[in-house]
Structure formats: structure tokens, C-alpha cells
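The values are calculated or read from the model by the stated rules, or taken from the named source; none is laboratory data. It should be emphasised that the depicted structure is a prediction, and the values quoted were computed from it without experimental measurement. Note that we place each Cβ from the backbone using ideal geometry, even for glycine, and neighbour counts take in every protein chain shown.
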Amino acid sequence: MADRDTHIAVIGMAGRFAGAPDLDTFWHTIVNGISTVRELAPDELLGEDPARMADPAYVRRFGKLDRAEWFDADFFGYAPVDAMLTDPQQRIFLECCWQAMEDAGYPPTATDSVVGVYAGCGQSRYWTLVGPQLHRFPGLDDVRLGMVTGADHLCLRVSHKLGLTGPSMTVLTTCSSSLVAAHQACQALLVGDCDMALAGGVAVRTPAWGSMARTGNVLSPDGVCRAFDAEANGTVFGDGAGVVVLKRFDDAVADGDHIHAVIRGSAVNNDGQDRIGYGAPGVSGQVAVIKSAMAAAEVTADMVDYVESHGTGTQVGDPIEVTALNQAMGSTGSTVLGTLKPNIGHTDAASGIAGLLKVILALRHRVLPPSIHFASPNPTVDFGRFTVITQPKDWSGHDRIAGVSSFGIGATNAHVVVEEAPARAAGVPMPQRLLVISAKTAAALDQATRDLADHLAAHPDQDMDDIAYTLQTGRVEFPYRRYAVVTGHSDAASKLTDGPVVPPVHRRGEFSGATDLAQVGEEWLSGAVIPWHDLPAGRRRKVPLPTYPFQRGRYIVEPVETQRPQMVAAPAGHDAAETVAMLFAEVLQTPEVADDDDFFELGGDSLTAVGLIARIEDTFGVTPELAMLFDHPTPAGVAHAVQDLLEDNA
């Protein structure tokens, strides 16, 4: 085996793409040669210019993410107004990061590791919905608008919400952003900046619009991407989000992590001036980045069975990319060439991570994936060693290795060399196992139980002791809980679904030290803190399991006009508290607020507090200090303070 000191293990992953809410569906789309690019319906084109849509060059086809505006605000502690104002692509990326951490078997908000976050995102379009309706959101200024839609805050928001203390930075290199982010994360791990890293990207266009396909630009006039085909005439756009959890390989093995794949090496560079224009790709830079990545990975061209290309289907880009690949790897030999963009569209800043996830799934399933919309080779392309296949093919051999390329407008290039995961030895089986499940709500607990039961039925070969260990140590413990003591897959599903419904636990208790699994389960239901590693099963391997079933609601700024309330005469007594409660509800976009509800427990923060103070001034004609709200955060308390100010001013 090669020296693993510089290898990086992919231990967790998550993603959402057009027609694929999870990675299993994503792989089904790829291996079955399905395109999820479709024509946008008129009611999906929020705020689009009718004159633009009437232009003959307007293309409605797009790889749209389903239910992009839906989000589990309560789960992440968002006030409704903050959920509504935050760009959906930032919310989706946050959910994917949680799912990827759980897939890795690490509780996202309760890990002791130093975790970095590196990711790219597409340019926000959401301000086109929010900007014209600033009057609906008191206190919403340019600073706060930037915080909820700006690219700078993509990774910072994840670090804050998940409590991650490693480096956190947005990487912006246009189309190559997410693969460059993966490279940056690998380098950070190798130099010791962090112990684990989340890396990826997101591009979700809200509102979704079509594109203008003009002569000479990169867009396909019929909205079909035909990469490397004789009829190739441009690309088509799509939404997507993807995240991987990375760790130094030796650490991942020592910690019993599930390894999806291994990044052997990666490289990033720029074409500089060696190209025909700023927006055009260059051969020499692509050659150099591929050679550098292969050298870092210590692989030769004959070891690489598959390359996931940038593959946009443009008349300029495809010939340059294949020329560069042949110059970097040699024109003799045999390598399969593929691209994802005909399936889901060009996902902009997320395209590199989408390609990486595709390769990892292909390595897992040991299948070379097909390319679609390919009938005959582009006659202007000298394919050399590369072949485009249109049917899935068994990936035979051993030590399967693939390359992934991503090139950005502006010519920052990235290439990553990926190898299949090594086999792991199984542990000694135990006679019984304790399965534990928890959630924030009763509905989520029931869904999590069903998801786990379905998973066990679909994966009868997955080690049950590893499953139990991952559930015990790889999930955040929430108030609604359920457990089952099982002997294997056969009785697990029935015992889980027949488990009792118990009141939520809101306290932490002492563990008695019991060794009977049923007793341990009962104590855990009551809130005892269980030292899972000290149980007879001890430390086991982590395995991928269903992640948290988010209970999403719809949060989007609709293009609806609302009139800002006018200043009214100050009410007295209890009426003042009712009026302040109405202002709480307005500022927080919450349906109803009681007199004793806490502004900050409802999701308010210092920025929304500024908006509330402004509305109090509009309504009562007095301006309390911001500190007042921190001292008296309920409508009743604020009303009392306002009455004092009114009396002082009388």
C-alpha cells in the first residue's frame, strides 16, 4: 500500500440536486441515464421580466431543486423572520452540513474535534425578492441584508449554528469554487489547521429564472447539454448543494470511521494569460493542474480508470479540456470520460462537489457511470485515450482510481484524484444491541424510527453492532427518545416501531452503571448521560445511517405588498402590552405572541431588536434604549418600560 501520510479520507457526505433530494436518488439518476433538467412553469418564474420571457432567445429549461424554499427553522433555532430573510441556498447548505456530519457518525453540535468549513456558493438572487419589500421588515438595513444573503456568511453561519471552531471561509472561484474548497480543506488538514473539515458548495437560484441563449455565449439554445457530442452547442444551468466530511486518512482508520473514498492528491492553479480571453479556458493551465494532482497522488495515467470532466458541452470548452487531458495523461491508453452536467445542469459553484460525489458513488457501487445526450463524438475533439460510454459498465479490477476536474470562468482550475475505500475488518458480534433514537419533536421521532426500520430492511448485511454504536455516539441526543434491545435485523424493525411513546426529557441525570441493556435504555429515556464507550460492546466502527428527518416549513419572501402600520396613540395599561406583543409578532414574523413570551427565546437577536425599537418609536413616540429590551425581553416588560418613558415625557 502507498504511503498514506498525505491521503485524506472522505468519511461523510450529503447532497441535494434537481430531482434528487438525497444521494441515493442522485446515484439512481446518474446510473440510469436520467436528466432532471426541465422547463420551468410560469408560476416558478417569480419576478421575471415578461418582455425577457417573450424573447425568442429565452430558455426556460433549468435543473431546479425541488422545495428549495422549505426549511426546518425550529430545528436550527431560527425565528420565522430570519428564516424567511435568509437566502435559501444558505439554509440548504446548513442542512447538508448537518446531514454530512451525521453520515460521518459525528454529532454535529457535540463533537470535540476542531472542524473547519470550506465552501463556495453561487451569486445570490434572493435580494431581488427581499429588496423591494424592505418596509415589511423593520430594522432590515444593508448590513443585515448582507448577513442573510451574502456569500461571506455561508460558512460562518454553519460554524455558528453547529458550534464548529476550526477555520471557516467561503471560497469564490466561480464554477470551480467547491472543488477548490475541497482542495483547501485537504491542505488545512495536512498542516494541522483542523481535525476534520466540511467542504463543498451550493448554488440555488431563488427565484428561478430562465437564461438568454445568444450566439457565441455558453448557453444551449434548446436547454440541452450534449457534452462531447457532435451536436454540442452549449450548457444549461441547474441548482445543487453538496458537502463532504474530510479527515486525515490515518486518523480516520484509527477512529473507526466509515471511509467512503480516499482523496490521494489534489491541485489548484490558474491559466494566467495563456488563453484567448478572460472568460476562456486555457490548455496549459489545465495540463499543469492535472499533472500536479497526479504527482501529489503518486499515480500514473494507466492507474486512472475514469475522469469526471468539467464537461460543459460548449464548442470552445470541450475540445480544450480533452486536449489538456491527453497532454497531461498521454494519448495512448484507455480511460472513460464522463460529465454530470447533461443530467442535472451546470450547478455553478456546486459543480465540482457534484462531480466529486458522483465519483465517490461510482467507486462505492463499482460502476462506471454513463453519459447522456451523447450520440456521436464531436469531430473537432481528438479523444485520444478517452472513451465516452452511454451505458453503465462494471468497474472491474482493484485499487479503482478516478480524477475529477472543475474549471472556473476566470480560469482557476482544480483537479482531485480519488481512490476507492479500503476494506475494513468486522468486529466480534454481540448477542444483543441497544438501538437509540431521538428527535426534537414527536413527529420527527416517528419519522426517524420509520427511516431506520426501512434502512435496516434494505441493508441486512450492515453490521448491527456498528449500527448500534453509531446511533449511540454519532447523534445529538434530543428530548424525544425511543430505544429497542434487539438481536439482529430481523427483530429490530418491529421492536423499533412498537416502541412506547414517552414524554420528552429535559434534564440530564446520573447513570447507575447498569449493564443490562434494557435498564440502560430506560435510564437513557429518563435523561441519564450514558458513557457508551464503557458498555460491553465497547468501541465499534461508524457506519452511514439515515440522517435527521427535518420537519420543514415554507419560508420565502413572496412578492406581496403590505402597508407599514402608521404611528398610533400610545395605549395604556394592559393594552400597551397587547400592542407590544403585536410589534413582537410583526418584527419576528411570528403568528402570535403572549405577554410573557421572551423576545430572544422566540428567535430575536440584536439586529432584530433594533427593528423592534424602531417600531416602538413609530407606535408610541418614545425611543427606549436597546439595553432595555435585554433587561425586559417580554411584551409586558417592554410595555412597562415604555409607560415609564411616556410618563417622563408628559
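Of the residues in the stretch 200-246, how many are touching a residue at least 12 places away in the same chain (Cβ under 8 Å) and more than 18 Å from the chain's Cα centre (by Cα)? If you could, list the steps in order and put the result at the bottom.
Taking the stretch 200-246 and keeping what is touching a residue at least 12 places away in the same chain (Cβ under 8 Å), we get 200-214, 217-246.
Still in the list and also more than 18 Å from the chain's Cα centre (by Cα): 207-214, 217-237.
Here the count works out to 29.
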> What single numbered condition from (1) among the hydrophobic types (A, V, I, L, M, F, W, C); (2) part of a loop (DSSP other than H, G, I, E, B); (3) at pLDDT 85 or above fails to hold for A569?
Replying inline: (3)
> Which members of the stretch 476-511 meet the condition of being of a type in the set (D, E, K, R), closer than 23 Å to H459 by Cβ and touching a Gly at 6+ places or on another chain (Cβ under 7 Å)?
Replying inline: R482
>> Condition (residue is over 24 Å from the mean Cα position of the chain (by Cα) and at pLDDT 95 or above) applied to the stretch 259-269: is it met by at least one residue?
In response: yes
>> Quick test of your reading of the structure: D305 fulfils all but one of (1) modelled with pLDDT of 95 or more; (2) buried (at least 22 other Cβ atoms within 10 Å of the Cβ); (3) closer than 27 Å to T36 by Cβ. Name the failing condition by number.
In response: (2)
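Among what's in the stretch 577-599 and is crowded, with 18+ Cβ neighbours inside 10 Å and among the small types (G, A, S), pick the residue that is modelled with the highest pLDDT. If you could, list the steps in order and put the result at the bottom.
Filtering the stretch 577-599 down to residues crowded, with 18+ Cβ neighbours inside 10 Å leaves 577, 579-581, 583-589, 593, 597, 599.
Filter once more, so that each one left must be among the small types (G, A, S): 577, 581, 585.
On the way: A577: 83, A581: 87, A585: 84.
Going through the qualifying residues, I end up with A581.
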> Here are some conditions: (1) surrounded by fewer than 18 Cβ atoms within 10 Å (Cβ to Cβ); (2) in contact with a helix residue (DSSP H, G or I) (Cβ under 8 Å, 6 or more places away or on another chain); (3) of a type outside the set (S, T, N, Q); (4) under 23 Å from G256 (Cβ atoms). M464 meets all but one. Which one does it not meet?
Replying inline: (1)
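At least 3 residues that are polar (S, T, N, Q) and surrounded by 17 or more Cβ atoms within 10 Å (Cβ to Cβ) in each: list the helices (runs of 4 or more DSSP H) lying fully within the stretch 107-217 that qualify. Before the answer, list the steps.
On the way: elements: 127-130, 142-149, 153-162, 177-191.
Fully inside the stretch 107-217 and qualifying: 177-191.
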> What is the one condition in (1) of a type outside the set (S, T, N, Q); (2) closer than 22 Å to I353 by Cβ; (3) modelled with pLDDT under 90 that F71 does not satisfy?
Replying inline: (3)
>> What's the total number of residues in the stretch 500-540 that are surrounded by 15 or more Cβ atoms within 10 Å (Cβ to Cβ), under 32 Å from the mean Cα position of the chain (by Cα) and in a loop (DSSP other than H, G, I, E, B)?
In response: 5
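Which one of these is under 11 Å from A227 (Cα atoms), touching a helix residue (DSSP H, G or I) at 6+ places or on another chain (Cβ under 8 Å) and among the hydroxyl-bearing types (S, T, Y): T323, T312? Break it down into steps so the answer makes sense when it comes.
Numbers: T323 fails: under 11 Å from A227 (Cα atoms).
Answer to the check: T312.
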> Out of curiosity, is T323 assigned by TED's automatic domain parsing to the domain that holds Q89, among the β-branched types (V, I, T), in a loop (DSSP other than H, G, I, E, B) and farther than 30 Å from K542 by Cβ?
Replying inline: no
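So for the stretch 374-388 (the condition being out of contact with any strand residue (DSSP E or B) (no Cβ under 8 Å at 6 or more places or on another chain) and either of a type in the set (S, T, Y) or not assigned by TED's automatic domain parsing to the domain that holds L340 (or both)), does at least one residue qualify? Don't jump to the end; show me each part of the working.
Filtering the stretch 374-388 down to residues out of contact with any strand residue (DSSP E or B) (no Cβ under 8 Å at 6 or more places or on another chain) leaves 379-382, 384.
In the following step, the residues that additionally are either of a type in the set (S, T, Y) or not assigned by TED's automatic domain parsing to the domain that holds L340 (or both) were identified as 380.
Yes, because at least one residue in the stretch 374-388 is out of contact with any strand residue (DSSP E or B) (no Cβ under 8 Å at 6 or more places or on another chain) and either of a type in the set (S, T, Y) or not assigned by TED's automatic domain parsing to the domain that holds L340 (or both).
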>> For the stretch 102-115, check the following and say yes or no: at least one residue is of a type outside the set (A, V, I, L, M, F, W, C), modelled with pLDDT under 90 and within 18 Å of the chain's Cα centre (by Cα).
In response: no
> Among the candidates T623, T619, which residue alone is modelled with pLDDT of 75 or more, β-branched (V, I, T) and either assigned by TED's automatic domain parsing to the domain that holds Q447 or crowded, with 18+ Cβ neighbours inside 10 Å (or both)?
Replying inline: T619
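Kindly indicate whether G355 is within 27 Å of V243 (Cα to Cα) and either assigned to a helix (DSSP H, G or I) or not hydroxyl-bearing (S, T, Y) (or both).
On the way: within 27 Å of V243 (Cα to Cα): yes; either assigned to a helix (DSSP H, G or I) or not hydroxyl-bearing (S, T, Y) (or both): yes.
Answer is yes for this residue.
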>> For the list (1) at pLDDT 95 or above; (2) more than 20 Å from the chain's Cα centre (by Cα); (3) assigned to a loop (DSSP other than H, G, I, E, B), I need the number of the one condition that A252 fails.
In response: (3)
